[in-house]
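First comes the structure, then the notes that go with it.
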Amino acid sequence: MTDTLEASIEIAASPEEVWNFISDLKRMGEWSPQCRKMLVSGEVREGTKTFNINRRGLLVWATRSEVIRFEPNEGIAFRIKENFTIWSFTLEPTSTGTRVVQRRETPNGTSKLSQTLVKAVFGGAETFEAELIVGMNATLARIKDEAETASAGALGSR
């Protein structure tokens, strides 16, 4: 199991514009190929809890998470209770917009249940992690499309 998985993308929109999408966890199901829905209890901020519906093919499972980092226009992170992973998005201003980095970290490893399921159901850690990287890149590409379309629209209406 790799401690950190990471994907990044350059987006031609300001960190403030990108933040509007990244921080709207209710929309995660529109972008992520695996997390199909995040149900959010209240306003998104540090301590916010979510109930997540995940899907891979015919397999559907639920997880719960808590926002553990919430820094407007800079980054957000949430910890999945069932497997101890931390998922995050970090925004870095660039000369042409924003670099967004998505990470999945396992600083304390993953739960025994998660390890067993990854091995038995998802084809092992190496296969599952490769699939997660593909999914992270797909998520970032979808966010990029949304943010750049919104940014271009905002520019056109000025």
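Each reported figure results from applying straightforward, stated rules to the coordinates on display, with no laboratory input. The shown structure was predicted, so the numbers you read here are calculated from the model rather than taken from an experiment. Cβ placement follows ideal geometry from the backbone for every residue including glycine, while neighbour counts extend to all protein chains displayed.
A compact table of results
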quantity: Structure-based [θ]222 nm, the chain - -39500 (n - 2.57) summed over DSSP H runs of at least 4, per residue, nearest 500; calculated: -10500 deg cm²/dmol
quantity: Kirkwood hydrodynamic radius (C-alpha pairs) into Stokes-Einstein, the stretch 1-82, 4 °C and 1.567 mPa s, D in µm²/s; calculated: 94
quantity: Projected label distance in nm at Thr2 and Trp61, using a 7 Å step from Cα toward the beta-carbon; calculated: 2.0
quantity: Additional length obtainable on full extension of the chain from Ala154 to Arg142, 0.36 nm per residue less Cα span; calculated: 2.5 nm
quantity: Sorted by Cβ density within 10 Å, fewest first, the residues Thr63, Thr96; calculated: Thr96, Thr63
quantity: Charge tally in the Cβ shell below 9 Å around Phe70, where Lys, Arg are +1 and Asp, Glu are -1, Phe70 excluded; calculated: 0
quantity: Label point distance in nm, Glu71-Glu126, each placed 7 Å from Cα along Cα→Cβ; calculated: 3.6
